[in-house]
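The values are calculated or read from the model by the stated rules, or taken from the named source; none is laboratory data. Note that this is a predicted model, so its numbers are computed, not measured. Neighbour counts are summed over all protein chains in view; Cβ atoms, including those assigned to glycine, are modelled from backbone coordinates with ideal geometry.
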Amino acid sequence: MHCAVDLDRKSGLTHANLDSALDRAVARSEVVEIYAHNPEKTVEVGDIEYVVKGAADRNLAFVTYADFARGEGTGPGLALSFDDTAISAWVDLRSLFDRYGARVTFFISRYAVIPDEQRAKVKLLAGDGHAIEAHTVNHLNGPQYVEAHGMKAYLDDEVLPSIDVLRADGYEVTSFAYPFGARTAETDRAILEYVPVLRSVTFPRSGAESPCPE
């Protein structure tokens with residue numbers, strides 16, 4: 001069970017906060033986990049580059065969630081991920097990632113309904129060495145869905161099809177990210193039967209209770 005910190009504008013993270021996190025990764029030999037959504041719309045491209053360049057300047061390894069699943073990524077590093085379906089905007093970052101030798105993870109929702117043109121762009125990202133992982137079918141709140149319909153329905157309707165459709169297109173899929181970070185110990189146990197790594201999120205500045213386990 002992993003948790004990542006939000007880089008989107010709404011989080012209020014400053015460059016000083018990011019520097020502190022990256023420095024801590026070096027000092028403690030930890031992997032900093034950061035996520036965002038849509039470059040330009042929810043997160044500044046300059047902030048993405050600041051994090052990636054900062055990691056490269058500190059000689060931090062770029063870690064994907066597939067690396068975590070393989071038992072790698074235990075040393076000082078940065079695990080940067082992007083959620084949802086801003087595929088064209090992610091592809092626009094390819095040269096930035098290449099400049100710093102960065103590998104990141106893309107947690108994709110609604111993959112079954114994206115057009116072939118977008119699927120081809122996902123292939124480009126995977127070909128660059130980035131990890132392609134699952135993020136549900138319809139981006140619904142998991143615990144709420146379980147309460148309304150039961151765990152089996154959540155797995156059958158939202159979780160497993162999002163894994164299966166990616167695997168059918170040739171992606172390994174070792175990880176699953178919860179929409180909104182919403183999770184419970186019960187959903188964790190159920191989904192870990194199918195993938196070895198889960199990712200939630202933390203809300204360090206929002207005042208909301210973090211969904212991350214203690």
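Points to keep in mind about this one:
- For segment 78-92, a residue qualifies if it is among the aromatic types (Phe, Trp, Tyr) and in a helix (DSSP H, G or I), and exactly one does: Trp90.
- Entirely in segment 1-77, the helices (runs of 4 or more DSSP H) that have 3 or more residues that are out of contact with any helix residue (DSSP H, G or I) (no Cβ under 9 Å at 6 or more places or on another chain) and at pLDDT 95 or above: 15-28, 65-69
- Cross-chain or 6+ apart pairs with Cβ under 6 Å, segment 69-95 first and over 29 Å from Val113 (Cα atoms), then hydroxyl-bearing (Ser, Thr, Tyr) and surrounded by fewer than 21 Cβ atoms within 10 Å (Cβ to Cβ): Gly75/Ser29; Pro76/Ser29
- If you filter segment 162-198 down to residues that are within 16 Å of Pro213 (Cβ to Cβ) and β-branched (Val, Ile, Thr), you find that the one that is nearest to the chain's Cα centre (by Cα) is Val197.
- Residues (outside any helix (DSSP H, G or I) and of a type in the set (Gly, Ala, Ser)) located in segment 93-124: Gly101, Ala102, Ser109
- Residues within segment 7-27 that are over 24 Å from Ala177 (Cα atoms) and touching a residue at least 12 places away in the same chain (Cβ under 8 Å), tallied: 4
- Restricting Ala153, Ala182, Ala177, Ala148 to those that are of a type outside the set (S, T, N, Q), over 23 Å from Ala126 (Cβ atoms) and surrounded by 14 or more Cβ atoms within 10 Å (Cβ to Cβ) reduces the list to Ala182.
- The residues listed here are Thr85, Thr136, Thr105; of these, the one that is at pLDDT 95 or above, closer than 16 Å to Tyr194 by Cα and surrounded by 13 or more Cβ atoms within 10 Å (Cβ to Cβ) is Thr136.
- Some residue of segment 35-58 being of a type in the set (Gly, Ala, Ser), under 21 Å from Gly181 (Cα atoms) and exposed (fewer than 13 other Cβ atoms within 10 Å of the Cβ): no
- All positions within segment 130-171 that are touching a residue at least 60 places away in the same chain (Cβ under 8 Å) and either out of contact with any helix residue (DSSP H, G or I) (no Cβ under 7 Å at 6 or more places or on another chain) or of a type in the set (Lys, Arg) (or both): His130
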